[in-house]
1. So if we plug the beta-carbon distance of ARG3 and ARG114 into 1/(1 + (r/R0)^6) with R0 = 41 Å, what FRET efficiency do we get, rounded to 0.05?
2. Given a Förster distance of 35 Å, report the FRET efficiency between ARG12 and GLU90 from their Cβ-Cβ distance, rounded to the nearest 0.05.
3. Shape call for the chain from the C-alpha gyration tensor, a ≥ b ≥ c root eigenvalues: rounded (a/c under 1.5), prolate (a/b greater than b/c) or oblate?
4. Grab the DSSP H runs of the chain that are 4 residues or longer, score each as -39,500 (n - 2.57), total them, divide by all residues and round the 222 nm result to the nearest 500 deg cm²/dmol.
5. If I model a spin label at ARG104 and VAL156 as a point 7 Å from the Cα along the Cα→Cβ vector, what separation in nanometres do I get?
6. Taking every DSSP beta bridge with both residues inside the chain, roughly what % is antiparallel (nearest 5)?
7. Given H placed on each backbone N at 1.01 Å, which residues far from ARG17 in sequence or on other chains put an amide H within less than 5 Å of it?
8. Using the crude model of +1 on Lys and Arg Cβ and -1 on Asp and Glu Cβ, and no other charge, please compute the dipole size for the stretch 2-156 relative to its Cα centre, in debye to 20.
Amino acid sequence: MIRVGQGLDAHRFERGRVLVVGGVTIEGHDGLGGHSDADVLSHAIADALLGAGGLGDLGDRFPGDARWKGVSSLEILAETRRLLDEASIEIVNIDATVVAQEPRLAPHRDAMMRNVATALGLDTGQVSIKATTTDGMGFTGRGEGMAASAVALVRVA
């Protein structure tokens, strides 16, 4: 059986935090506020995978408790993969989009795809990551934060 899951995440920018997107640290810009490293891309992907697998959502599996405080979201992706493996669910592919007016993410896209693929035990060809702006509209356009959406296709044994 083939299943599809969709994930969405958004965080505000917060001074004094490191910006991490797709496991890549991006210098020269405020980070995102959140319990873990607030990596919106990894969170959206994990949520899409959990949804596709019928395994709950990010808040269910990774609550705001001490275990997940400050953790790299690549660890959240690796744990998501473990949960899928336990349920005999194979990841077919992931397609994700990050929405941010700034910083420019295109120079980091290949590194993000490698990081996500490695954390999930996938080939980079199974992971597509894109970035877009909102041409100044909405909270992302005003530079208040960043969002990401993801779709995941899985095969259930």
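1. Given R0 = 41 Å and the Cβ-Cβ separation, E is 0.95.
2. In this case the efficiency is close to 0.50.
3. Prolate is the answer for the chain, as a/c is 1.5 or above and a/b outweighs b/c.
4. So the helix-based figure for the chain works out to -8500 deg cm²/dmol.
5. With each label point 7 Å from Cα toward Cβ, the separation is 4.4 nm.
6. For the chain, the DSSP antiparallel bridge percentage is about 80.
7. It is GLY31, by chain and number.
8. Magnitude of the dipole: close to 80 debye.
Read-outs: derived from the displayed coordinates by stated rules, not from any lab. For clarity, every value in this text was computed on a predicted model and none was experimentally measured. Glycine also receives a Cβ, built like all others from the backbone with ideal geometry; neighbour counts cover every protein chain displayed.
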